Amino acid sequence: MKFYGELLIIILLLIANGRILFIKNVKKDSLVMLSPFAFLLSVVQIFNWNLNVVNLLTLFLSLLVLLTNFHALFRYSERLYIDHYSILMKVWSIITILLSLALMTGTIIFQPVEYNNKELNVTETVFRYDGSFRSGFNEASNFQSANLFLTEFKPADSTGSVRDVVLFIPDKRADTFYYRPYLQFLAREGCTVLSGDFFCSDGKWRHSIGDYKLLRRFTMLTDYFVSRHSFEMQKEFYTYNISQEIKALVELINERYGNDVRIFVVTDVMGTTAALDYMERNSEKIMQVYDLQTIPEYKTPGFGMVTQTDILLSKILDQPKDKDGFYTKLFVMETKKELIKARNAK
């Protein structure tokens with residue numbers, strides 16, 4: 001859906017500025033209204049999928065098109081007839097058309113690999129919670145804001161009580177979305193999988209505007225690439241924050257599945273120390289902690305399944321696109337082996 005939303009916006013921008021090349025002698029320039037509509041959609045796209053390079057460029061381009069068409073929008077709002085388009089307007093339109101075509105090409109080249117839950121015979125449910133680490137979390141109504149998004153993946157035909165749960169702890173240079181193919185295929189293998197994304201006031205990561213849901217992944221990636229050393233020096237701080245998250249997630253798992261359910265924790269770099277510390281204190285609850293970066297074929301530790309979910313970042317990391325999901329399925333099989341070992345050991 002993310003890819004198709006971006007593509008739709010770019011097509012609207014092409015029509016909005018391309019109209020200058022084919023509109024002749026009409027009373028009203030109705031197509032100019034596509035420019036504010038495209039801008040509005042680009043803002044919605046960021047709210048839906050959070051900030052990344054592609055939707056940032058789309059927002060910038062849609063704003064440029066909106067400003068370029070400001071005079072035409074004014075004439076349309078005043079119900080004035082089209083007189084003619086100025087040379088400057090035509091030049092700007094050609095420039096924005098070329099930029100739109102370039103952005104469309106890049107969007108298609110970097111199209112993510114997505115899987116349909118129905119075809120995999122799995123269900124995906126997002127539970128919204130509001131609260132804090134101090135006071136606890138309660139499920140939020142449709143009219144409440146939420147600061148914890150708990151995503152459950154499980155087999156569509158699962159019935160009866162859950163014996164154990166795979167608790168996934170995403171690195172903060174990613175979030176649940178960027179591990180989605182891995183989590184989907186785990187559920188297809190018969191696992192009940194939970195992954196939580198926290199955005200709490202008492203669990204800040206940057207103590208700045210970068211803590212907002214829309215911006216966090218983008219700013220965490222920026223921090224990492226600007227100064228990898230400084231980023232890695234904050235390991236203790238990150239461990240403390242994730243320790244709070246694990247404690248809260250285990251409590252929610254007990255509420256949802258019962259106190260007897262066992263937990264197999266999967267991490268990706270950042271959460272490993274916190275998970276191991278928690279397991280040491282709660283060995284009867286935690287079956288095992290499994291870090292994805294221990295898989296030799298996993299070449300993007302800390303960033304998620306970006307060879308399928310963020311192809312641009314994958315290229316930056318010099319990793320090819322995993323078109324057929326070979327490596328994602330391999331990671332799932334390695335995880336399943338460890339899960340079976342943990343079940344037998346207990």
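Taken together, the values in this text are just the output of simple stated rules run on the coordinates, not laboratory data. Given the structure is predicted, the values throughout are model-derived calculations rather than measurements. Neighbour counts run over all protein chains shown; Cβ positions are idealised from the backbone, glycine included.
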Violations at 32 Å Cα threshold for listed pairs LYS118/LYS299; LYS315/LYS341; LYS204/LYS323; LYS90/LYS315; LYS90/LYS323; LYS172/LYS336 -> LYS315/LYS341; LYS204/LYS323; LYS90/LYS315; LYS90/LYS323
Counting Lys +1, Arg +1, Asp -1, Glu -1, what net charge surrounds ILE97 among other residues with beta carbon under 12 Å of its beta carbon?
+2
Can you tell me the length gained on complete extension of the stretch PHE37 to PHE70, counting 0.36 nm per residue apart and subtracting the Cα distance?
10.6 nm
Summing +1 per Lys or Arg and -1 per Asp or Glu among the other residues with Cβ less than 13 Å from GLY258's Cβ gives 0
Run the Debye formula on the Cα coordinates of the stretch 228-346, all scatterers equal and no solvent, and tell me log10 I(q)/I(0) at q = 0.10, 0.11, 0.17, 0.23 1/Å.
-0.37, -0.45, -0.98, -1.29
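For the chain, what is the convex hull volume of the alpha-carbon atoms per residue, in Å³?
Per residue, the Cα convex hull of the chain comes to 166 Å³.
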Quick check on the stretch 111-212: what are the equivalent-ellipsoid semi-axes from the Cα gyration tensor, as sqrt(5λ), descending, whole Å?
26, 17, 12
dims of the stretch 174-257, Cα set, principal axes, largest to smallest, nearest Å -> 40, 26, 23
Nearest-ten-degree value, helix 53-68 long axis tilted from longest Cα axis of the chain:
20 degrees
Rounded to the nearest 10, the angle in degrees between the Cα long axis of helix 326-345 and the longest principal axis of the Cα atoms of the chain comes to 20 degrees
